[in-house]
Amino acid sequence: MTQSQPALALEIRGLAKRFERPAVDGLDLSVTAGEFYTLLGPNGAGKTTTLRMVTGLLRPDRGAITVFGIDALADPIGARRIMAWVSDEPMIYEKLTPMEYLDFVAGLWAVDGRRAAARARDLLELLGMAPHAEERCERLSKGMRQKVALAGALVHEPKLIILDEPFTGLDAGSSRVVKEVLRERVHAGCSVIMTTHILEVAERMADRIGVMANGTLIAEGTLDELRQQAGDEAHRAAGVGHASPGQASPGQGSMGHASPGQASLEDTFLALVAQDAAAV
Amino acid sequence: MSPPGTIGWFARHEARLAWRDWLSLMTAGRRRRARTVVLGFAVFALFVHGLAWLMLGSAANLAGAADKQVLVAVTGTLVLAWSLMLSQALESVTRAFYARGDLELILTSPAAASRLFAVRIVAMTVTILVMALVLAAPFINVLVWRGGAHWLAAYPVAVALAMDAVAVAVVITVALFRAIGPKRTRLIAQIAAAVIGAGFAIGMQCAAILSYGTLPGTTVSRWAMLARFAPDEGGAVWWPAHAVLGQPVALAALLGVSIAALAVAIRVYAPRFGQLALAAASVSHGTTRPGRRRAHFQSASPARALRRKEWTLLLRDPWLMSQTLMQLLYLLPAAFLLWRNFSGGGAATLAVPVLIVAAGQLGGGLAWLAMSGEDAPDLIASAPVPEAHVLRAKIEAVLGGIAVVFIPFVVVLGIATPAGAPVALAGVVIAAGSSTAIQYWFRTQARRSLFRRRQTSSRIATFAEALSSTFWAGTGGLAAAGTWFAVVPAVIALTIVAGAWVISPAKSPAMA
């Protein structure tokens with residue numbers, strides 16, 4: 001019996017970008033529709049460069065990027081229409097209020113005004129920003145700004161959300177709210193690809209994890225699959241007490257968590273990166 | 001080497017930072033540019049010396065006695081120079097208060113912050129002196145060459161003026177802090193700086209217009225008119241002029257007073273600088289208040305959303321607004337001239353070049369804000385809007401702003417001299433368009449708050465913008481006078497704009 005292939009939200013083939021040295025080097029990566037995909041890697045691995053090329057902020061030297069069947073290099077406008085980008089440094093306008101910012105973003109994506117207004121109100125409510133909806137962004141904290149930027153990414157109802165370190169600088173409460181909103185979007189059929197250095201977030205939220213080093217994907221899969229790829233080294237690390245704390249909650253990511261004696265994502269990640277470094 | 005925490009140690013630290021900052025501004029981080037920069041300075045020095053030679057060539061009495069007319073001329077020049085120094089000093093002191101930079105590091109360290117602030121006040125003095133001497137030194141050198149060594153005294157006088165300017169600026173800024181609080185001080189101090197900087201020159205022009213009914217030019221230099229009303233030659237008011245002319249007692253007195261003024265300012269205010277700077281830094285963390293306008297959420301096109309965003313951001317930022325509109329101060333003489341000639345005097349056409357040059361400058365400023373000063377470039381670049389549409393919307397926003405400011409002037413000009421209005425209108429559009437184009441070709445990503453430093457991001461763009469505005473103004477002036485010679489500056493302006501386009505860095509649309 002043949003099983004039909006799931007629709008691809010993002011397909012990257014042979015992607016390469018060189019600055020002074022290769023930043024991304026022949027990367028192949030796929031994210032299926034409705035999937036939460038997390039990209040991990042040490043500093044300088046090429047994660048942000050990859051995502052910036054997907055969003056059209058950087059032009060690749062070679063390779064192909066397809067977003068829901070649209071060739072993002074040949075038809076960047078068509079691809080951008082269904083994508084949203086959130087960077088670690090919230091890029092918002094200090095002199096606009098969150099509502100005005102969302103109004104502006106809705107204008108850029110040509111969203112119907114009435115629908116955008118309702119959606120903006122809902123999003124700010126959902127993110128706990130309703131009391132600050134009419135305050136200028138210059139008076140908001142970093143976490144609040146990040147939530148406004150996230151609301152901006154969601155106001156035009158994208159099918160693919162791309163986030164670069166979205167939890168940097170967020171407090172525990174804000175972080176939880178953002179996670180819930182992202183999870184809700186995935187349940188609604190949206191695809192998310194995210195980079196993070198907070199491995200606990202990746203472990204809890206991701207359906208699949210990709211590990212990048214030196215511009216290429218060195219491992220990919222669920223946490224169990226990654227553990228298998230990491231092999232004995234990760235297990236040895238787990239044996240000395242590096243297992244992840246905390247238990248999985250119902251409805252959270254499909255990866256589950258490390259049991260006592262089982263390698264945590266941190267152990268697994270470090271083992272994979274070390275193996276790659278040794279191979280290089 | 002000075003021990004850590006001492007004045008000498010802080011001075012070395014500040015000097016190293018200043019040197020590296022200056023070097024990176026000049027060479028844009030490329031060592032190979034250093035040679036070009038040195039060559040550029042040499043050419044500039046030669047040019048300014050040549051200019052000084054030409055301007056002072058016809059000046060009489062360079063080596064002669066200090067008669068009242070010479071004293072008036074020297075004093076007037078010193079007042080002009082000092083007002084510019086004071087303007088820069090106010091800017092520098094305000095910037096020192098509001099730039100957070102290493103403030104928290106310094107104030108949380110066990111080192112005496114007052115020593116660092118004392119060094120910074122002296123550093124401001126040195127910076128202001130150097131900037132003043134860049135323009136003044138060639139004139140002093142020519143005076144020494146042609147008039148005698150006694151003119152060398154102008155150098156220590158410049159040092160004294162810089163010290164006075166910084167001392168007064170520190171006192172004014174601290175007084176403003178106390179009187180109106182840190183929130184408003186920045187805006188008021190910077191407006192005061194611009195008004196002081198431009199005020200003397202504008203006042204002289206307006207006085208000349210009142211007296212003679214024409215634009216200044218030669219009339220400004222008619223110091224004889226002022227000499228008739230000036231006090232006797234023995235008065236203390238002439239001491240700075242006597243000092244410039246090499247009188248030792250006057251020079252010593254001026255230096256003594258200036259050193260004392262700066263020393264008192266440092267002694268009294270350096271220890272409080274930290275607290276005031278912290279108060280300024282806390283402004284942005286103040287209480288929140290609801291906005292007065294609500295978002296409309298009309299089904300806007302991306303272009304309309306972009307235009308509205310540009311205008312809203314400008315209108316909501318009083319500091320940026322004041323910085324942008326400051327250039328319009330130079331429209332005051334033109335407005336004054338229009339008012340005087342409202343009943344139909346042909347002299348109103350003389351306002352045409354002033355309008356054109358102001359439009360070029362304002363256009364450049366607005367274009368920088370719209371194109372380089374985009375605070376959310378990734379958002380715009382990741383939006384499903386072609387870059388050409390974004391560019392068009394931003395140009396429309398710039399030209400819309402220009403229209404709002406200049407159309408009233410053109411209308412009034414049309415009533416005073418109907419022939420001048422179409423020329424002025426065309427000149428305003430062309431000059432603003434040229435500046436906008438230059439800013440587009442040389443665009444670089446920067447925070448809007450760096451507006452004041454936009455000139456340093458590309459000196460070629462800055463010069464091209466200023467020169468094209470000037471030559472378009474010349475074209476407008478000559479065209480309004482009805483002469484075909486207008487073609488000459490027009491060709492030069494076009495050459496400058498084309499040259500800027502040719503040497504502008506190539507930009508990939510996808511990277512913008």
Do the conditions hold for B:Ala224, that is, is it away from chain A (no Cβ under 14 Å), at pLDDT below 85, closer than 30 Å to A:Met129 by Cα and part of a helix (DSSP H, G or I)? no
The condition from (1) closer than 30 Å to A:Arg139 by Cα; (2) in contact (Cβ under 8 Å) with a residue 40 or more places away in the chain that B:Asn141 misses is numbered (1)
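Here is a yes/no grid of residues against (1) more than 14 Å from chain A (Cβ to nearest Cβ); (2) not in a helix (DSSP H, G or I):
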{"position": "B:Val423", "(1), (2)": "yes, no"}
{"position": "B:Gln445", "(1), (2)": "no, yes"}
{"position": "B:Ile460", "(1), (2)": "yes, no"}
{"position": "B:Glu465", "(1), (2)": "yes, no"}
{"position": "B:Thr470", "(1), (2)": "yes, no"}
{"position": "B:Gly482", "(1), (2)": "yes, yes"}
{"position": "B:Phe485", "(1), (2)": "yes, no"}
Which of the residues spanning segment A:93-109 are crowded, with 24+ Cβ neighbours inside 10 Å and closer than 21 Å to B:Pro386 by Cα? A:Tyr101, A:Leu102, A:Asp103, A:Phe104, A:Val105, A:Ala106, A:Gly107, A:Leu108
One residue from A:Val105, A:Val155 being β-branched (Val, Ile, Thr), under 20 Å from B:Pro377 (Cβ atoms) and within 8 Å of chain B (Cβ to nearest Cβ): A:Val105
Scanning segment B:414-425 residue by residue, those touching a residue at least 24 places away in the same chain (Cβ under 8 Å) and under 16 Å from B:Trp472 (Cβ atoms) turn out to be B:Gly420, B:Val423, B:Ala424
Failed criterion for A:Leu39 (all others in (1) in a loop (DSSP other than H, G, I, E, B); (2) closer than 27 Å to A:Leu223 by Cβ hold): (1)
Where A:Arg59 falls short, out of the listed (1) within 14 Å of chain B (Cβ to nearest Cβ); (2) assigned to a strand (DSSP E or B): (2)
The lone exception for B:Glu396 - which of (1) crowded, with 23+ Cβ neighbours inside 10 Å; (2) away from chain A (no Cβ under 14 Å) it fails: (1)
Tell me, yes or no, whether segment B:180-202 has at least one residue that is at pLDDT 75 or above, surrounded by fewer than 13 Cβ atoms within 10 Å (Cβ to Cβ), within 28 Å of the chain's Cα centre (by Cα) and in a helix (DSSP H, G or I). yes
Determine which single condition B:Pro418 fails, assuming it passes every other condition in (1) surrounded by fewer than 21 Cβ atoms within 10 Å (Cβ to Cβ); (2) within 14 Å of chain A (Cβ to nearest Cβ). (2)
Away from every other protein chain (no Cβ under 11 Å), more than 27 Å from B:Glu387 (Cα to Cα) and either in contact with a Pro (Cβ under 8 Å, 6 or more places away or on another chain) or without any contact (Cβ under 8 Å) to a residue 60 or more places away in the chain (or both): is that true of A:Gly44 in this structure? yes
Quick one: in segment A:125-148, which of the residues that are over 18 Å from A:Ala172 (Cα atoms) and among the hydrophobic types (A, V, I, L, M, F, W, C) is farthest from the other protein chains (Cβ to nearest Cβ)? A:Ala130
Do you know which residues across segment A:12-24 are under 20 Å from A:Ile209 (Cα atoms) and surrounded by fewer than 18 Cβ atoms within 10 Å (Cβ to Cβ)? A:Arg13, A:Gly14
Only listed residue being among the basic types (Lys, Arg) and surrounded by 18 or more Cβ atoms within 10 Å (Cβ to Cβ), chosen from B:Arg115, B:Arg146, B:Arg95: B:Arg115
Show me the strands (runs of 3 or more DSSP E) entirely contained within segment A:130-225 in which 1 or more residues are of a type outside the set (Ser, Thr, Tyr), surrounded by fewer than 20 Cβ atoms within 10 Å (Cβ to Cβ) and touching a Gly at 6+ places or on another chain (Cβ under 6 Å). A:216-221
The helices (runs of 4 or more DSSP H) lying entirely within segment B:318-387 that contain at least 1 residues which are modelled with pLDDT under 70 are B:318-325, B:332-340
Among the residues of segment A:248-265 satisfying the criterion of being modelled with pLDDT of 60 or more and surrounded by 20 or more Cβ atoms within 10 Å (Cβ to Cβ), which is nearest to A:Phe36 (Cα to Cα)? A:Leu265
Condition test on A:Thr50, is it outside any strand (DSSP E or B), away from chain B (no Cβ under 11 Å), touching a strand residue (DSSP E or B) at 6+ places or on another chain (Cβ under 6 Å) and buried (at least 24 other Cβ atoms within 10 Å of the Cβ)? yes
With the requirement that a residue be within 7 Å of another protein chain (Cβ to nearest Cβ) and touching a Phe, Trp or Tyr at 6+ places or on another chain (Cβ under 8 Å), what does segment A:69-95 give you? A:Arg81, A:Ile92, A:Tyr93
Can you find a residue in segment B:171-179 that is in contact (Cβ under 8 Å) with a residue 60 or more places away in the chain, within 24 Å of B:Gly256 (Cβ to Cβ), touching a Phe, Trp or Tyr at 6+ places or on another chain (Cβ under 7 Å) and not charged (D, E, K, R)? yes
Checked segment A:49-102 for anything of a type in the set (D, E, K, R) and under 20 Å from A:Leu170 (Cβ atoms); matches are A:Asp88, A:Glu89, A:Glu94
Counting only residues that are in contact with a Lys or Arg (Cβ under 9 Å, 6 or more places away or on another chain) and surrounded by fewer than 23 Cβ atoms within 10 Å (Cβ to Cβ), which one in segment B:423-443 is farthest from B:Val398 (Cα to Cα)? B:Trp441
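The values are calculated or read from the model by the stated rules, or taken from the named source; none is laboratory data. Everything numeric here is computed off the predicted structure, so don't read it as measured data. No Cβ is skipped: glycine too gets one built from the backbone with ideal geometry, and neighbour counts run over all protein chains shown.
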